[in-house]
Each structure stands twice: as structure tokens, then as C-alpha cells.
Amino acid sequence: MISRRGMLLGGAAMGLVAAAPSAIGQVPSVDTLPPTAPVKRIALTAREIETRLLGPDKPATKHFCAYDGEPFKIFRFERGTRLAVDFENLLPDPTTVHWHGIRVPNLSDGVAPLTQEVIAPGGRFSYNVPLPDGGFYFFHPHCDETGQVGRGLFALLIVDDPQERKVHFDAECFIVVKDWRLGEDGQWIEMSTDEGAATAGTFGTVRATNGSVIPPRVEVPAYGDVRVRAIVADATRVIDLGTDHDDAALIAVDGQALLPPALTDHLPDGIWRMGPAMRADLQVRMPGPGQEVKVYDYRSSEPYLLTTLVAVDKGLKKTPFKPKALPASTAPMPDLKSPKTLDFLVQVSAGATAIGVPLPDDDPLAKALVDSLCVGAKTHWAISRDSWATGEALRLPPPLSQLSAGTTYVVNCTNVTKHVHPMHLHGHVFRVLSSSKKTGMPQYLADTVIVEPNETVKFAFKATSGNWVFHCHILEHMDTGLMGWFRVS
């Protein structure tokens, strides 16, 4: 049966409870669309299937996780639509759904125990998912992410902005970077190792693009403008996205327009570095018929081919290349005139720690426990000495900071470890202002930003009411302590 909280969310999805007080944590769950927004009700399931990840002539992989039984399913809706999502968990394990990058009301963020309890096998939950901003997003579980995402449980979500109809592309191509941890028999091997969790992560044994071990070849119009939409859906891998072609530009990051667009040749080292959960839109102007453009991951010891774009004659004429500017983001922008400053260290932890100011005893979250299936067995990481629950220490840690809704905060995030950390903030779009190490990098909007070893990245956001987590999206790092949360009220 749907819980009372699920019923409240369903009511919000129909515009009846636009800012209902949260039953968890005593903060408002603010809606990001008006009650009059058009509603699209959809049914969504998570289930296991069999699929041939190693190739059509290889053994089928069992226990692949997919939404609606379809690997890498793409959902597409128009900006301004409200999704009323009736979710059913048909997996053998608990799960939740997190709408990555979407500015949802806090009660629909999918993070147990902050916003909901886990959804048991056979359980249901109603999510209110307003789509206030155009762009490229995705959704995935926020419990046992390493295992469930590792076995394929995510889907792409495209929110089309009507204003983009003025910006014409001749073709669209998706590149989904996702490796698999498979044995030669095609079956899953252990998703996480202690060594991987404590270092750069446990890498897949098989590289793949769009689920295939054979890089895709995609026919597109010669002399046409192709919108290449790339996402790193892997739990661990960091890539350096680039092409072997001069006429290419970065036009969006994490679904938000980059203004002005940047020629890829003008980016640092001619690439765009992306970690788990990060997205990028490239505009590629194709050469003449029969010619090819190759999209690579240049971070490998040798460039790894992700996709080949093949130019075919569609009657287009050759014209000078000009990067296309997408409509500006509709997300709230930070006010940098008088922001407040937050400083955080990403660091190694020798064990479970929590130094933040504890919540009052009468707070609903003061004694909240994290489900043991949602976390790792050991603690390896911390944010400013605060670690998320792991192992048997399942008490929810205190918030990293208590923030004021509507206030702009500038975060100085410093990585004092030896490994890369893509840091993701739920519920917000932030502006990346500067890096202590990268020169020539444009300012841009994002929901996830890479922080390199010995680097400080500065970013700013306008706080929205709710309990929002801030974590590394290398999933084993998150599972072993590298997550905290902000209370915004």
C-alpha cells in the first residue's frame, strides 16, 4: 500500500499541496512549479531482466536491473510539465528513486532516511517530479547505488525547452559511458572491493558505450550540426571527452546552457573532464559525405573510442561553423553581491566520525537510522571530519551546516586526498566560479563538479528549503562515508 507520505506526494503532484510541511525533518518541501502546471501521470517499475552485455553470441547476463524492463530507457517531456510518478519496486531488494539534477520538492528527492523510508520489494511510492528547467538529466536509486546502478539501474531524462525550437540541430546522438563488472561467463562479479572503495573506486572489467562493447557508429547528415549528449553513468570512471574534429563546441553542462558556448579546442587541454553523473552537450559540425568524426575518452592510456559519427549525404550545403547558444537556464541564480561562505574539506577518514552540532532531541531526524542496505561496511572518507553512516554505525550524522532559504552561499571545497571526487549537491543548480588548479576554465552551471587532488573549487548556489545531501558520486566513496547533508529552512 502507498504510505501516507506517498499520498501527500501524490496530492502535491496534482497541485493540492504545493508546499506541504515535511513529515521528516521539520522543513518545508517547496514545489518548483505552480499548482496549475499540466500533469503527466506515469507508471514506473524497477525490475531484473536478462540481457547480452558481452555481445549477441555471448552468455546472457542475469539480474540486470532496469526501469520498466528496458536498459538505458530515455524519457522525454516538455519543460513546465509535472510528472506524477507511480513507482513500484519489483526488485528483490529495497530501493528509492533520485531525480538527479531536477529541482524537485525535498520529499521527492529519494534519499532515505532524510526524505523517505526505503521502498521494500513489492512496495510502491508516489513521486512529485516537477520539470521547471530544460536540459539533460537522469534518475537512479539512492540506496545500494553501487550494486543497483552497477547492474544498470538508471534512465535518461530529457526535458525539452520550447525556447530551444529556435535552435536547430540536424541530428541528436547519445553517448552513455557505463562499464560492467562481469566474468567471462557474463555474470556479475563483486561490485565493490575494499581496495577500490578506499582509493579511486572499483573499475569495471568491460568497457562499454550505450551498453555495447562495440563502439556505436551513428549516421548523421553531412555538413549538419549534431547535438552529442554524453553522460557518465558509471560508478567510478572519469573521462576526458573530446573529438578528433576542429568544428566542435561545448554548449551545455549538466543540462544547463554554457553561455557563451566554448570551442572544444579552447577548453583546457582541448577536452571536458567528466566524472560519474556528469553530463555534457557538444555541438559537432559534420564534414562532407563519407567522412567520420570520432568521439573519444582521452583520459585512457590510448584514446578510447566512444562513438563514431558517419556523415551521409542529406542534401545539406557546407556553411561556416558557428556554435549555437542554447536558452539561458531558468534555475535560480546565486546573488554574488553579499554571499555567505562555507568551507569544506574532502578527506580520508580512519573510522566513523561526526563532529557537527547534533540535532535537538525532539527533532524527527535526531534518532533516524540509515538502512544498512544503503551503505557500505566500512568508513574510508569524510567531509570536514563528518562521515555518513556505515557498517553498524547507522545513526544519521548531524547536518554539515544549517542554512537559510533564499540566501546565497559560496562553497570552497578542498580535496586533500590523492583521488578525484565528483561532488554532487541535491536539489540545486550551482555556478562553478573558479578552480585553484585549472586555468582557462569558463564559469558554468552544474549539479556535479570534479574536485582534483590538492584543488579547491569554488561554487555558489541560492539555498532552497529542504534536507539536501552533498556527496561524492564515485558511488563506493559515497557508500563509505563521503556524504553529508544541509538543512535549509
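Restricting attention to the range 342-376, which residues are without any contact (Cβ under 8 Å) to a residue 40 or more places away in the chain and either of a type outside the set (S, T, N, Q) or touching a helix residue (DSSP H, G or I) at 6+ places or on another chain (Cβ under 9 Å) (or both)? Scanning the range 342-376 gives ALA350, GLY351, ILE355, PRO360, ASP361, ASP362, ALA366, LYS367.
Filtering the range 148-185 to residues that are part of a loop (DSSP other than H, G, I, E, B), over 20 Å from ILE74 (Cα atoms) and over 24 Å from the mean Cα position of the chain (by Cα) leaves VAL167, HIS168, GLY183, GLU184, ASP185.
Evaluate the range 113-128: report whether one residue or more is part of a helix (DSSP H, G or I) and in contact with a helix residue (DSSP H, G or I) (Cβ under 6 Å, 6 or more places away or on another chain). Scanning the range 113-128, I find no residue that is part of a helix (DSSP H, G or I) and in contact with a helix residue (DSSP H, G or I) (Cβ under 6 Å, 6 or more places away or on another chain), so the answer is no.
Return the residues of the range 435-463 that are in contact with a Lys or Arg (Cβ under 7 Å, 6 or more places away or on another chain) and of a type outside the set (Asp, Glu); say none if nothing qualifies. GLN443, LEU445, ILE450, PRO453, PHE459, ALA460 - these are the residues of the range 435-463 that are in contact with a Lys or Arg (Cβ under 7 Å, 6 or more places away or on another chain) and of a type outside the set (Asp, Glu). When the range 312-361 is filtered for residues that are small (Gly, Ala, Ser) and within 25 Å of the chain's Cα centre (by Cα), the ones remaining, listed by number, are ALA325, ALA328, SER329, ALA331, SER349. If only residues of the range 117-147 that are of a type outside the set (Val, Ile, Thr) and over 19 Å from the mean Cα position of the chain (by Cα) are counted, the one that is modelled with the lowest pLDDT is GLU117.
Among the candidates LEU259, LEU250, the residue that is free of Cβ contacts under 8 Å to residues at least 40 places away in the same chain, under 23 Å from the mean Cα position of the chain (by Cα) and closer than 30 Å to LEU131 by Cα is uniquely LEU250. In the range 94-137, of all residues being surrounded by 24 or more Cβ atoms within 10 Å (Cβ to Cβ) and without any contact (Cβ under 8 Å) to a residue 40 or more places away in the chain, the one that is farthest from THR32 (Cα to Cα) corresponds to ILE119. Between ARG103, ARG76, the distinction of being modelled with pLDDT of 95 or more and in a loop (DSSP other than H, G, I, E, B) belongs to ARG103 only. Scanning the range 199-215 for residues that are part of a loop (DSSP other than H, G, I, E, B), out of contact with any helix residue (DSSP H, G or I) (no Cβ under 6 Å at 6 or more places or on another chain), touching a residue at least 40 places away in the same chain (Cβ under 8 Å) and among the polar types (S, T, N, Q) yields THR199, ASN210. In the range 46-55, is there at least one residue being of a type in the set (Lys, Arg), within 21 Å of the chain's Cα centre (by Cα) and assigned to a loop (DSSP other than H, G, I, E, B)? No, that holds for no residue.
Against the definition (surrounded by 14 or more Cβ atoms within 10 Å (Cβ to Cβ), under 27 Å from ASP447 (Cβ atoms) and in contact with an Asp or Glu (Cβ under 6 Å, 6 or more places away or on another chain)), how does THR45 come out, yes or no? Yes. Suppose the filter is assigned by TED's automatic domain parsing to the domain that holds SER465, under 24 Å from ALA460 (Cβ atoms) and surrounded by fewer than 20 Cβ atoms within 10 Å (Cβ to Cβ); does SER384 pass it? Against the criterion (assigned by TED's automatic domain parsing to the domain that holds SER465, under 24 Å from ALA460 (Cβ atoms) and surrounded by fewer than 20 Cβ atoms within 10 Å (Cβ to Cβ)), SER384 qualifies.
Applying the condition of being assigned to a strand (DSSP E or B) and hydrophobic (A, V, I, L, M, F, W, C) to the range 343-369 and asking which residue is surrounded by the most Cβ atoms within 10 Å (Cβ to Cβ) yields VAL346. Looking at THR417, THR408, THR390, THR439, just one residue is modelled with pLDDT of 95 or more, in the same structural domain as ALA350 (by TED's automatic domain parsing) and either of a type in the set (D, E, K, R) or over 24 Å from ILE102 (Cβ atoms) (or both), and that residue is THR417.
Among the residues of the range 230-247, those that are charged (D, E, K, R) and either over 18 Å from the mean Cα position of the chain (by Cα) or within 16 Å of VAL284 (Cβ to Cβ) (or both) comprise ASP244, ASP246, ASP247.
The residue pairs whose first member lies in the range 451-472 and is closer than 23 Å to ARG103 by Cβ and touching a residue at least 60 places away in the same chain (Cβ under 8 Å), whose second member is assigned to a strand (DSSP E or B) and charged (D, E, K, R), and whose beta carbons are closer than 9 Å, counting only pairs six or more residues apart or on different chains, are ALA460/ARG431; PHE461/ARG431; GLY466/ARG487; ASN467/ARG487; TRP468/ARG487. Put simply, of ALA235, ALA208, ALA222, ALA198 the only residue that is of a type in the set (A, V, I, L, M), surrounded by fewer than 22 Cβ atoms within 10 Å (Cβ to Cβ), closer than 30 Å to GLN347 by Cβ and outside the structural domain of LYS418 (by TED's automatic domain parsing) is ALA198.
The values are calculated or read from the model by the stated rules, or taken from the named source; none is laboratory data. Everything numeric in this text was worked out from a predicted model, so none of it was measured. Glycine gets a Cβ as well: all are built from the backbone with ideal geometry, and neighbour counts include every protein chain shown.
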